[in-house]
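Asker: There's a structure below that I have some questions on.
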Amino acid sequence: MITELETIQKIKQALDKARRVLVIGHQQPDGDALGALIALAYYLKSLGKDYSLFCLDAPVEQYQFLPLVHEVKADPKIFAEKFDVIAVVDSGDLHYAGVDKLLPKVNNFTLINIDHHASNNFFGDLNLVLPEKSSVSEIVYQLLRLWQFPINKETATALLNGIIFDTGFFGNAATSLSALEAASHLLNLGARHRLINENILRNKSLGLLKLWGRAFERLQFNQKYDLAFTVITQEDLTACGVSVEASSGISNFFNELAGAKIAMVLVQTEDNIIKGSLRTTRDDVDVAALAKSFGGGGHKKAAGFTINGRLVYNENKWQITD
Ligand SMILES: [Mn+2]
């Protein structure tokens, strides 16, 4: 068994030796994946390495304030090029990363897996998987400290962004002493937390807030399952001018209802398709298992599923019909 410290040492050696490095975050990259990606980019830059950053989907508007985010490319053509080291961050497996079919078939590179998901399947040649960490950004922060990399303001901002994102502004169960310590040190190093707040919190459009209004209005509580749930119809999306993707953040909110263990939002995305998203902030609830029973999947605290059917309002309640 290779120890954690040996793994960290081997990752450093692989990066130090590499001529070309590709760093990958998961598809639809979130604040944590991008934070880790960007911090590793600054490290590689300091070594004078030739590196590329890839996510299957381009970073959305709210992350455009992050330094170096413009370097994150979404063009899979990059996989035609040769890399000595490919590092994947914040992804439990290569399918979740969105690159299982894109990675070169000839295994002439070192695959590094840095993650904090308990479900991680150790797909790398080197696997640094620390489920007790709040975020992969916190893990990268610790790597950079161990490697005595002088963390600049930009790197500090990227890493703090990841920690803030995955801890839900230091509010969810991932918030730990080590996350808070890392965050306070990053602030000390000049991380721009106001910029993060402005961009991650205060970035909602009028249409999106109106859509939330509709969803809040219909909020119901199922006492049998301690489930807070609501629905969004196609008419809602059209009337508010909001895309299905842009509506996705709303389910996190309903966990704030006292007594709710699970929050569920059902969105009618097409005539006969309903997408469900499930969230919990509790350690004793596994929404991935629940999503699986509907043919979906995800993480213990955030999961989703897709079913066929139509949402209809009937006799004072929302129902699903064929
Ligand atoms: Mn993460």
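Derivation of every value follows stated rules applied to the coordinates shown; laboratory data play no part. The structure displayed is predicted, hence computed values, not measured ones. Cβ placement follows ideal geometry from the backbone for every residue including glycine, while neighbour counts extend to all protein chains displayed.
Asker: Under 5 Å between amide H atoms, partner at least 5 residues away or on a different chain: which partners does V85 have, H built in plane at 1.01 Å?
Answerer: R20, L22, T110
Asker: Still on this structure, I have one more. Which lysines, if any, have their Cα less than 29 Å from the Cα of K105, not counting same-chain residues under 8 positions apart?
Answerer: In chain and number order, the partners are K10, K12, K17, K45, K49, K73, K77, K82.
Asker: Along each of its three principal axes, how wide is the spread of alpha-carbon positions in region 1-140, in whole angstrom units, largest first?
Answerer: Dimensions of region 1-140 along the principal axes of its Cα atoms: 42, 32, 31 Å.
Asker: While we're here: Excluding L126 itself, calculate the net charge of residues whose Cβ lies under 14 Å from the Cβ of L126, where each Lys or Arg counts +1 and each Asp or Glu counts -1.
Answerer: -3
Asker: Starting at the first residue of region 116-131, write each ³J(HN,Hα) from the Karplus equation 6.51 cos²θ - 1.76 cosθ + 1.60 with θ = phi - 60°, in whole Hz, x for Gly and Pro.
Answerer: With the stated coefficients, region 116-131 comes to 10, 8, 4, 7, 4, 9, 6, 6, x, 6, 10, 10, 10, 10, 10, x Hz.
Asker: Let me ask something additional. Helix 153-166 versus the longest principal axis of the chain: what angle, 0 to 90°, nearest 10, using Cα atoms?
Answerer: So the helix axis and the longest Cα principal axis differ by about 40 degrees.
Asker: Work through the residues other than A263 whose Cβ is under 12 Å from its Cβ and net out their charges, Lys, Arg +1 and Asp, Glu -1.
Answerer: Cβ neighbours under 12 Å give a net charge of +2.
Asker: Assuming a viscosity of 1.306 mPa s and a temperature of 10 °C, what translational diffusion coefficient in µm² per second does Stokes-Einstein assign to the chain, Rh being the Kirkwood radius over Cα pairs?
Answerer: Reported coefficient: 77 µm²/s.
Asker: Please determine, in degrees from 0 to 90 and to the nearest 10, the orientation of helix 4-17 with respect to the longest principal axis defined by the Cα atoms of the chain, where the helix direction is its Cα long axis.
Answerer: The answer is roughly 70 degrees.
Asker: Considering only L128, L56, L103, give the residue with the highest GNM mean-square fluctuation for the chain, with springs between Cα atoms whenever their separation is below 10 Å.
Answerer: L103
Asker: Does region 108-153 come out rounded, prolate or oblate, given a ≥ b ≥ c as the square roots of the eigenvalues of its C-alpha gyration tensor, rounded meaning a/c under 1.5 and, failing that, prolate meaning a/b above b/c?
Answerer: Judged from the Cα gyration tensor, region 108-153 comes out oblate (a/c at least 1.5, b/c at or above a/b).
Asker: Enumerate the lysines that K210 could reach by cross-link, defined here as Cα to Cα under 27 Å, with residues fewer than 8 away along the same chain left out.
Answerer: K261, K275, K301, K317
Asker: Treating the angle as unsigned and between 0 and 90°, give the value, to the nearest 10°, between the Cα long axis of helix 31-46 and the longest Cα principal axis of the chain.
Answerer: For 31-46 against the chain, the angle is about 10 degrees.
Asker: So what's region 173-222 giving for Rg/Rh, alpha carbon basis, Kirkwood Rh from the mean inverse pair distance?
Answerer: Ratio of gyration radius to Kirkwood radius: 1.20.
Asker: Convert each backbone phi in region 180-186 into a coupling constant with the Karplus relation 6.51 cos²θ - 1.76 cosθ + 1.60 (shift: θ = phi - 60°), then list the ³J(HN,Hα) values in order as whole Hz, x for Gly and Pro.
Answerer: Each residue of region 180-186 in turn: 5, 5, 4, 4, 5, 5, 5 Hz.
Asker: Please find, in a Gaussian network model of the chain (springs between Cα atoms separated by less than 10 Å), the residue of V267, V312, V88 whose mean-square fluctuation is greatest.
Answerer: Answer for the Gaussian network model of the chain: V312.
Asker: Using a 10 angstrom cutoff on alpha carbons, build the Gaussian network for the chain and name the most mobile of H70, H116, H26.
Answerer: H70
Asker: What net charge do the residues around F216 carry, taking every other residue with its C-beta under 14 Å from that of F216, with Lys and Arg at +1 and Asp and Glu at -1?
Answerer: +1
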